[in-house]
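Take a look at the structure set out below.
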């Protein structure tokens, strides 16, 4: 009897162990499934709403400028003495500098720490910037030749210039690619790790901005654009790394005051038709660009807006493709004889911004198309915003 009870107890014990083991396996599977469901994928990253709002503002300023056009023969063909043209000229020193400052800031979140990381940076930026330059640049060039009524019709023999000198707004891809590589090299060598070293390069690039002019024939791979954007790229890095040491928050009001003065001067020069010497004009552009973008960055929390932030998440695609929506709608409106500049501006703005977003949310979900046109994986994430900033910590 005792033996039977012992066998029963042993069997019961084995059964319990197997049950517990099975329960543990089941629980582990359930936990793994819960983790898989609740943990964000690599693409599902928490975004900083204030930074994305600035991106949204920057893309609206840029698209508005391109819709209007830089001269009477471009864009909406508005007169050079119209308020539309004044807007284009006055805010030219804010649009791309703001984009560039944000690029520098985002780079500083995940910088290069050693020379062994440089190949990864080169591959990543080539995929993100150079591939879209080839793809979008080619499509843009062909569309200008094939479609009648465009502002500019290039010659077939100029095809190669798209990739060597850039074309229209795509010069930015070449210039920012140069800045990413040079900054990565400086970081890898440790030449930007202190405020003093960073300040030396910030001052050097600012002097180059004022003193160096690259002729069009020598502006290979938009090196002149890189010279003009370099101070703002470094400014974005400095605002991330040395904001406390620079005491930006304490002197923000003073910077805002200088920005207002520079904006008033630029407005007066533009509206009054005053011709400045190139040396002084570049100084004014540098001061206005640096101070205005710094103020916008420091006070970005007051610009937080869900619509702007949502638009900011698509800013790169809008930048690349906005000309297709803009030019296409402008040609349609002109074909129907519409001459009201205000209506044409609003309509072209809607299509210039909306067409790239529609593309990214439809054809852009196809892996090969997304890589070829946008230089990225298909954007399938549900955007999550953080009031405190990006969840990714800086590498430094």
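The values are calculated or read from the model by the stated rules, or taken from the named source; none is laboratory data. Every value quoted in this text rests on a predicted model; they were computed, and no experiment measured them. Here the Cβ positions follow ideal geometry from the backbone for every residue, glycine too, while neighbour counts run over all protein chains shown.
Of the set (1) closer than 21 Å to residue 99 by Cβ; (2) not in a helix (DSSP H, G or I), all apply to residue 284 but (2).
With the condition kept exactly as written, say whether any residue in segment 27-45 is surrounded by 12 or more Cβ atoms within 10 Å (Cβ to Cβ) and modelled with pLDDT of 50 or more.
Narrowing segment 27-45 to residues surrounded by 12 or more Cβ atoms within 10 Å (Cβ to Cβ): 40, 43-45.
Subsequent filtering for residues that are modelled with pLDDT of 50 or more retains 45.
Yes, segment 27-45 contains a residue that is surrounded by 12 or more Cβ atoms within 10 Å (Cβ to Cβ) and modelled with pLDDT of 50 or more.
It is to be established whether one or more residues within segment 120-141 are in contact (Cβ under 8 Å) with a residue 24 or more places away in the chain, over 15 Å from residue 176 (Cβ atoms) and part of a loop (DSSP other than H, G, I, E, B). No, the conditions are met nowhere in segment 120-141.
In segment 153-173, the qualifying residues are those that are without any contact (Cβ under 8 Å) to a residue 40 or more places away in the chain and part of a loop (DSSP other than H, G, I, E, B), and the one that is surrounded by the most Cβ atoms within 10 Å (Cβ to Cβ) is 167.
When you check residue 186 against the structure, is it under 25 Å from residue 281 (Cβ atoms) and either at pLDDT below 95 or over 17 Å from the mean Cα position of the chain (by Cα) (or both), yes or no?
On the way: under 25 Å from residue 281 (Cβ atoms): no; either at pLDDT below 95 or over 17 Å from the mean Cα position of the chain (by Cα) (or both): yes.
The answer is no for residue 186.
Check 358, 338, 307, 331 and return the single one that is surrounded by fewer than 19 Cβ atoms within 10 Å (Cβ to Cβ), more than 24 Å from the chain's Cα centre (by Cα) and in a helix (DSSP H, G or I). Checking each option against the conditions leaves just 331. Of note, residue 233 satisfies the criterion of being crowded, with 24+ Cβ neighbours inside 10 Å, at pLDDT 95 or above and within 18 Å of residue 176 (Cα to Cα).
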